[in-house]
Structures are given as C-alpha cells and as structure tokens.
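Notes for the one structure printed next.
The values are calculated or read from the model by the stated rules, or taken from the named source; none is laboratory data. Please read all numbers here as calculations on a predicted model, not as lab measurements. Note: ideal-geometry Cβ built from the backbone for every residue, glycine included; neighbour counts use all protein chains shown.
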C-alpha cells in the first residue's frame, strides 16, 4: 500500500512515525506524532488508499479509530499508562480526501478517580474534520 | 495475518464474507454478514491479531469502526444507497478477546429528510460488548 512506503520527506517537520509493529495500530497506520511546546501532542496520518471509503475519502470508521487513538492518548502521552475507552462520541464536520494530512489532539476536561473525560478535535489544515469527546479509564500499572 | 486465512469452516452458519477488495473495509476486515428473517442483518468478525490492542483484546478503534460499518449499514442493507456518518456514539460495556466472534446490528429509530437516526448493539454470544447510536446521511444516487 502506498502509505506504507510513505517517504519521510512527505511528513511535516517534527513528526515521528509511531513504531507499532502489530495489532490494530499497525493495521490502520502508519500514524505520526509530534510534541507541542505546551506539553501536549498532535497525532496525524496521511490518508492512504487503505483508509478510504468508496468515495475515496477517509472512511468514517478510520476517523473513529483515529479519534479513539488520539483523544485517549492524552492520558498516556509522556508516560506508560494504559487505558481503555469507555465512551466515545464523534461529530463529523467535513471530509478528508485521499492524500490529505489529517491531524488531531485531545485535552483532559475532567478526572474522576480512574476516569478521564476528554475533548478532541481532528482537522486538515484550517478545516475542522471532526470534533468529539470521550471517557477513558486508566488501567492499573501491570 | 491469521484471520486472512480464516477457514470458512470457522465461520458460523449463514454468514458470508464481505468481498471488500480495497479501502478501509478490506484493511480492517475480513467482515461477515448474514440476513435475518425479519429483513435485517447481522455483521460480524472474528477478532484477529491485526485488530487487537496491547492487552490482546479487540482495540476500541476497531470496535468504533465496526460500529460505524454496522450501524450505518441498516440504511444500505438490501439496496445500493451510499451514506456518510454524521455523528456516532459508542458506549463500551465489555471487552472482546482475541479469537472471539463479534456480532452487531443496527435499527433505524428515526428519519428526517436524508438523515437517519440509528441505534445499534455489538455483542459476543450473550455478552453485550457495546451499544450506541448514530446519525447517518444518505447520499444522492450517483
């Protein structure tokens, strides 16, 4: 698949490829990440053929999965905590086309015990692609 | 990947493999479908390594994508209509482990112009894995 051979030169500066070698993340990837000066992060991917629907736009399921991996990651960014998704809501605002560079991030809006409430956004350039919120549960360190 | 070579003998009776040769559906699949006597359908997949998280359970993103493809399909079942996802909410009730057979379906709860409101459920055997609802928009026939 073309995106598997995506040259690093195609990737905006500051992004590193997430080295997921197995599982769902490797299946739907590659995904990229960069740190932001405020201690946050941006995750991203370039829409490849293997992520599209019949209209050659990014599939809604792919964006849902990206939302899950991106919004929830605010809990595990910079540490080794594991988490699971309790609830995820995504509103789709605009599409993302084949070849476009999609970015997203999340911020914690509340913590109650091991439950984190997170708001997130997904965008392409100046265009908001999706917004949403989620509840994620941090797992005990193993 | 093991699930790509999943023998038909492993698939519960009545299910047919969805012949998605490209795009997101092929990437995260294989998915299966059977018709139900009431004119509805059940979609399903057997959790493979390529759909798991680090805990070797089905990844939340995979279940989100499956919810999207399953809840929304109630609009396109038995016809050739295309649709896009406007909003999707999924509540995760229980996990699905590697090798388990996951099923799901959706039902229309409201129609307003080209917008369909759908409720859906995902389960493994007697165990509810997730419930949710979505708003999907039917596209003009091309």
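Going by the structure shown, is residue A:50 in contact with a helix residue (DSSP H, G or I) (Cβ under 8 Å, 6 or more places away or on another chain), surrounded by fewer than 22 Cβ atoms within 10 Å (Cβ to Cβ) and over 23 Å from residue B:129 (Cβ atoms)? Yes; evaluated as a whole, the condition is true for this residue.
Taken over the range A:46-93, the residue count meeting the criterion of being more than 10 Å from every other protein chain (Cβ to nearest Cβ) and over 16 Å from the mean Cα position of the chain (by Cα) is 3. Summed over the range B:118-142, residues that are over 17 Å from residue B:79 (Cα atoms) and part of a loop (DSSP other than H, G, I, E, B) total 2. Here is a check on your reading of the model: is residue A:102 within 14 Å of another protein chain (Cβ to nearest Cβ), over 25 Å from residue B:56 (Cβ atoms) and at pLDDT 95 or above? Yes; evaluated as a whole, the condition is true for this residue. Quick check: is even one residue across the range B:68-91 touching a helix residue (DSSP H, G or I) at 6+ places or on another chain (Cβ under 7 Å), without any contact (Cβ under 8 Å) to a residue 40 or more places away in the chain and either buried (at least 20 other Cβ atoms within 10 Å of the Cβ) or more than 19 Å from residue B:18 (Cα to Cα) (or both)? Looking through the range B:68-91, none of the residues is touching a helix residue (DSSP H, G or I) at 6+ places or on another chain (Cβ under 7 Å), without any contact (Cβ under 8 Å) to a residue 40 or more places away in the chain and either buried (at least 20 other Cβ atoms within 10 Å of the Cβ) or more than 19 Å from residue B:18 (Cα to Cα) (or both).
If you go through the range B:101-118 and keep only what is over 18 Å from residue B:35 (Cα atoms) and either surrounded by fewer than 17 Cβ atoms within 10 Å (Cβ to Cβ) or without any contact (Cβ under 8 Å) to a residue 40 or more places away in the chain (or both), you end up with B:109, B:110, B:111, B:112, B:113, B:114, B:115, B:117.
Reported count of residues in the range A:5-45, each being more than 10 Å from chain B (Cβ to nearest Cβ), in contact (Cβ under 8 Å) with a residue 40 or more places away in the chain and buried (at least 21 other Cβ atoms within 10 Å of the Cβ), is 3.
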